[in-house]
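Worksheet: one structure, shown below.
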Amino acid sequence: MYRTFSVKNFRCFKRLSMESLAQVNLIAGKNNVGKTALLEAMFLHLGPNNPELPVRISAFRGIEQFVVDPADLWGWLFFRRETGDLIEISSVDGDGATASLSIRLEVRKAPTTVASAAGELTEPPTTAAPGAPSSSERLPSVTTGESSPDLMLEYRTPAGQVCRSRGFIAKEQGTLVIKVERGQLFGLSRGVYLSTHSRAPAEDADRFSQIRRSGRQGTLIHALKCLEPSLTDLALLTTGRHGVIHGDVGIGELMPMPYMGEGMVRLLSILLAIAHAEGGTVLIDEIENGFHHSAMVDLWRAIRMAANEYRTQVFATTHSLECIRAAHEAFSASAKYDFRLHRLERKDEETRSVLYTKETLATAIERNMETR
C-alpha cells in the first residue's frame, strides 16, 4: 500500500509529491491541474514491466489512432513534450520500502528487426497478465510514419531488483505495429483503472464469476445494499450470447443490473474492481459520474466496506463538493477514519498536493471553505 508517491517530468507534472496516503484517497483540484495524469502515473507504476500501458492510457483519453508521427505515441508522456528528459515515478510503502520506475526514449541506430524466437518479442496482449493492471480499453493503431524511438522502462523493486522493458514500432508486411519486450517481475500487486470513457460489462461479468466461484459474493451484496436495500442476491445469467449480472430485488424474478440504473451499474463496477484487485490498488477517474448527490454518502459507505474487506487501496478523482463532504461523513461514522483528501494546486510550472486530514477537512467543511 502506498504511503507516499512522487512524479517527475510526466504529463503536466514537472514534479509532484504526495504524503500521508490512506487506504482511500480522494483527489480534487481545478480543471487541467493533473488529477487524471496522477492516476495515469500510478497505473504505469503498477505495471512497471508493461510497455503497452503508456499506449493504453492514451486510449483512456479517447486517442484511438496516431496518423502523423509515431513519436507522438510516446512524446506526450513527457512534461512539455521534452523527450530528452527522464520520467521518474516512485513510491514508498507502509514498511518504508521504495519502488521506482524510470521512463525514457532511446533512438537506436539500426532499424528494429523482429526476433523470430517464439516468445522473445510479442504483440501486446489483449488481456492483462495475472497481477498486472487491467482495463478494457483496446490499443490504438499506428497507421503512418517510418520510425520511432524506443520507449525504455527501468523498474527498481523494493528488494533492489532491476527490471528493464521496452516498447517499439516495427514494420510487418508493410504495416507499422507496436511491439513489446517485457522484463520478468514477480509479486506485483493487482491494479485496475476505471476511466470515465469505458464500460466493460464483459470484464465485470468475468470478475463477478471469480467472486461467485470463491463464495465471497456476500460482501459485494452487502455493499450494494447501501444503494439498493432490497437487493438479496446476485447471479450471472445469459442474455442472448452474453452473460449479464442480475439481481434479486424481491419482484419474483431476477432483474438485469442495467435496469436498476446507472448508479447501481457504476457502483457494481467499482466494487468488482476493488474485489478483483485484492491487496492492490484501484484508480477511479471522476468517481461521482452516474450518482445523484443524495446517494454519495451511500456510495462511500460501500467503497469503505469493500476496501476494508479486500485490503484494497483506492484513489479517485472528483470535481464535486458534495462528493468530498459525503466521503468525510461516511468515514467519520466508521471506527477508523482511513481517508484523505488531496487537492492539487498549480502555480506556474510547479504542482503541489494540499493534504486534508479528518480535522482539517471538518474545519474546512464547517467554514464552507473551498476544497475542490
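Please treat every number below as a calculation from the coordinates, not as lab data. Small disclaimer: the values here were computed from a predicted structure and weren't measured. As a convention, Cβ positions derive from the backbone with ideal geometry for all residues, glycine included, and neighbour counts pool all protein chains shown.
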Handout entry: Volume of the Cα convex hull of the stretch 288-331, divided per residue and given in Å³
Key = 67 Å³
Practice task
Kindly put Ile27, Ile178 in sequence by how many other C-beta atoms sit within 10 Å of each C-beta, fewest to most.
Solution key: Ile178, Ile27
Fill in the blank from the handout: With the convex hull built on the alpha-carbon atoms of the stretch 259-372, volume per residue in Å³ sits at 115 Å³
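Grab the Cα-Cα distance for Glu262 and Glu82, subtract it from 0.36 nm times how many residues apart they are, and report the gain in nm with one decimal. List each step's numbers first, then the result.
Values: separation 180, 0.36 × 180 = 64.80 nm, distance 4.08 nm.
Net length gain for the segment: 60.7 nm.
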Fill in the blank from the handout: Any GluC sites (Glu not before Pro) in the stretch 318-372 that lie in a DSSP loop and have at most 11 other Cβ atoms within 10 Å would be Glu349, Glu370
Practice task
In nm, give the distance between the simple-model label positions of Glu329 and Ser230, each being 7 Å from the Cα along the Cα-to-Cβ direction.
Solution key: 2.4 nm
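Fewest to most neighbouring Cβ within 10 Å: what's the order for Asp298, Asp95, Asp72?
Ordered from fewest to most neighbouring Cβ atoms within 10 Å, Asp298, Asp95, Asp72 come out as Asp95, Asp72, Asp298.
Mind putting a number on the dipole of the stretch 296-372 about its Cα centre? Charges go on the C-beta only, +1 for Lys and Arg and -1 for Asp and Glu, and I need it in Debye to the nearest 20.
With only Lys, Arg, Asp and Glu charged at Cβ, the dipole is about 160 debye.
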Fill in the blank from the handout: FRET efficiency for Arg213 and Asn289 from the Cβ-Cβ distance with R0 = 25 Å, rounded to 0.05, comes out at 0.25
Exercise for the section: Using a/c under 1.5 as the rounded threshold, could you call the chain rounded, prolate or oblate? The axes a ≥ b ≥ c are square roots of the C-alpha gyration tensor eigenvalues, and prolate needs a/b larger than b/c, oblate otherwise. Expected result: oblate
Completion exercise
Counting only backbone N atoms under 16 Å from a point 7 Å out along Cα-to-Cβ of Ala97, the residues of the stretch 24-63 in range are 46-48
Exercise for the section: Could you please rank Arg372, Arg241, Arg343, placing first whichever residue has the fewest other Cβ atoms within 10 Å of its Cβ? Expected result: Arg241, Arg372, Arg343
Completion exercise
Stretched fully, the stretch from Leu254 through His242 gains (0.36 nm per residue minus C-alpha distance, one decimal, in nm) 2.7 nm
